[in-house]
Amino acid sequence: MQRCFPLALAFLALLFPLFAQTPPPGPEVAPFLSVTARDFALVHVRVIDGTGAPAQDDQTVVVSGGKIQSIGPSGSAKIPDSAQKIECTGESVMPGLVGMHDHLYMTHDADDQRGPDGHLLQPGFFVAEIPFTAPRLYLAAGVTTMRTTGSIEPYADLQIKKRISQDLMPGPEMDITAPYLEGAPTQFAQMHELTGPENARRLVDYWMAEGASSFKAYMNISRAELHAAIEDAHARHLKLTGHLCSITLPEAISLGIDDLEHGPVFTDTEFVSDKKPDACPAGGERSWLAVKIDSPEVQGLIHELVEQHVAVTSTLPVFEMSVPGRPPLEQRVLEAMSPDTARSYLTARARVSLKSPMTGLFRKEMDFEMAFVNAGGLLLAGPDPTGMGGVLPGFGDQREVELLVEAGFTPVKAIEIATSNGAKFLGRLDSIGTLAPGKQADMVLINGDPAAHIDDIEKVQTVFKDGVGYDSAKLIDSVRGQVGVH
């Protein structure tokens, strides 16, 4: 039996005939394939199924034609004679991560775009698309499905999705979010500024026709524009999320928004004393310093979110960047970055004040997310790889799960949030998000037990997408020193 590690490339060529029913993988995909057998079985593996149930030891997972055929105790498993047996003693398998706030760009060089007085230079902050490195890192880390949650280069995102689906490049399945629905004034040079409700409707119509499957409102949108965009998206059976500021969370809930990014501590401005309608005030997060999670106001917000079926996307890694002394510096992160990206990140990290209020605010957001889930809310997970550039695609998705455990969730619950919940929100729980017979074989093989030690989630060995195994280490090696460049 094969061990749970990649096949030698010399042997890989012998397996290509197994792709006879579909076009062979392109030359940028083939070198990363490690398991290509149509029928295979993971034997003696620990199963974390993504439902929040306890892990099951010594199981056998049988896969055929990209679908899970059976999961059960290894002692009684029926494995077809034609199946490749992969010995996985001591290994764990879990569903592929469903990244619900993932991007294909980086914002690592903000300080390089400011003048001597610290003001952002015209035409505004310019971010860099990383269409080569980001998809590879996402897949390497176990992200098999992702939502781009705001696009800067929408046609590039759509091309990436298409070329991944054609096996021309490695990467996850993608839900493409249209360009940001942003009002004036925006600080981003690449964002359109809405001119009113009809403009919002026109953009929703246009980008849906171009292939976008979700929408995101941003910080300076007006209530009238948001209402128009939500109404238009819902008429086409699509969903709209928001990273808000000009509009408070209660206002957005009343308008019918489907999801709220980042949670309220860093985005909800309802407690700002001089908040003006449709205007984004400064210091919104500081207004939450004196707010208690068990207060009637916050409990009322949670009740409305749950009652109106509004999801919340946890993006703890991007805020951890601003907490003094956090996160732990990881060699793998620094090695993946280009030298300029690493310099920019380390410089920004060193500037975080030891007196920053982020320590308390970060913990408060964690407590909100626990309270929200305990009340029956649908919590989603994604890292938001932006900020000062230390949150990388894929690695950040893993860190998000670790931080959910720090927040108080059990490891299996945190994995459920990062897999099953995202699939449910996307309307794809019948095919992905959990491990069960009949579902797509989107799975992550891990050299350890993340159900007991959540940091083992970083020990990804093989990532299966549609039943095809990718070598995680080779994908990471292929982008070493390039993240931030392309």
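In the set Thr177, Thr195, only one residue is closer than 30 Å to Ala30 by Cα and either outside the structural domain of Asp268 (by TED's automatic domain parsing) or not charged (D, E, K, R) (or both); that residue is Thr177. Among the residues making up region 444-464, a single one is of a type outside the set (Val, Ile, Thr) and within 16 Å of the chain's Cα centre (by Cα): Glu458.
Just checking, which of Leu435, Leu392 is of a type in the set (A, V, I, L, M), assigned to a loop (DSSP other than H, G, I, E, B) and farther than 18 Å from Thr148 by Cβ? Working first, answer last.
Numbers: Leu392 fails: farther than 18 Å from Thr148 by Cβ.
The unique qualifying residue is Leu435.
In this structure, Arg332 does not qualify as at pLDDT below 95, of a type in the set (Lys, Arg) and either not assigned by TED's automatic domain parsing to the domain that holds Gly382 or not in a strand (DSSP E or B) (or both). Only one of the listed residues (Asp294, Asp278) is surrounded by 15 or more Cβ atoms within 10 Å (Cβ to Cβ) and either at pLDDT 95 or above or under 27 Å from the mean Cα position of the chain (by Cα) (or both). That residue is Asp278.
Asp232 fulfils the conditions (1) touching a residue at least 24 places away in the same chain (Cβ under 8 Å); (2) over 21 Å from Ile257 (Cα atoms) except for a single criterion, (2). Quick test of your reading of the structure: Thr269 fulfils all but one of (1) within 23 Å of the chain's Cα centre (by Cα); (2) of a type in the set (S, T, N, Q); (3) under 20 Å from Ser246 (Cα atoms). Name the failing condition by number. The one condition Thr269 does not meet is (1). Looking across Gly284, Gly263, one residue alone is buried (at least 19 other Cβ atoms within 10 Å of the Cβ), in the same structural domain as Leu305 (by TED's automatic domain parsing) and at pLDDT below 95. It is Gly284. Taking region 245-257 as the range and being surrounded by 20 or more Cβ atoms within 10 Å (Cβ to Cβ), within 17 Å of Gly377 (Cβ to Cβ) and not β-branched (Val, Ile, Thr) as the test, the residues that pass are Leu249, Ala252.
Residue by residue, here is whether (1) crowded, with 24+ Cβ neighbours inside 10 Å; (2) modelled with pLDDT under 95; (3) not assigned by TED's automatic domain parsing to the domain that holds Asp471 holds:
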| position | (1), (2), (3) |
| --- | --- |
| Gly65 | no, no, no |
| Gly72 | no, no, no |
| Glu91 | no, no, no |
| Leu120 | no, yes, yes |
| Ala156 | no, no, yes |
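Determine if region 303-313 includes at least one residue that is surrounded by fewer than 17 Cβ atoms within 10 Å (Cβ to Cβ), not in a helix (DSSP H, G or I) and not aliphatic (A, V, I, L, M). Scanning region 303-313 turns up at least one residue that is surrounded by fewer than 17 Cβ atoms within 10 Å (Cβ to Cβ), not in a helix (DSSP H, G or I) and not aliphatic (A, V, I, L, M).
The values are calculated or read from the model by the stated rules, or taken from the named source; none is laboratory data. Note that this is a predicted model, so its numbers are computed, not measured. When we count neighbours, we look across all protein chains shown, and the Cβ atoms used for this are built from the backbone with ideal geometry, even at glycine.
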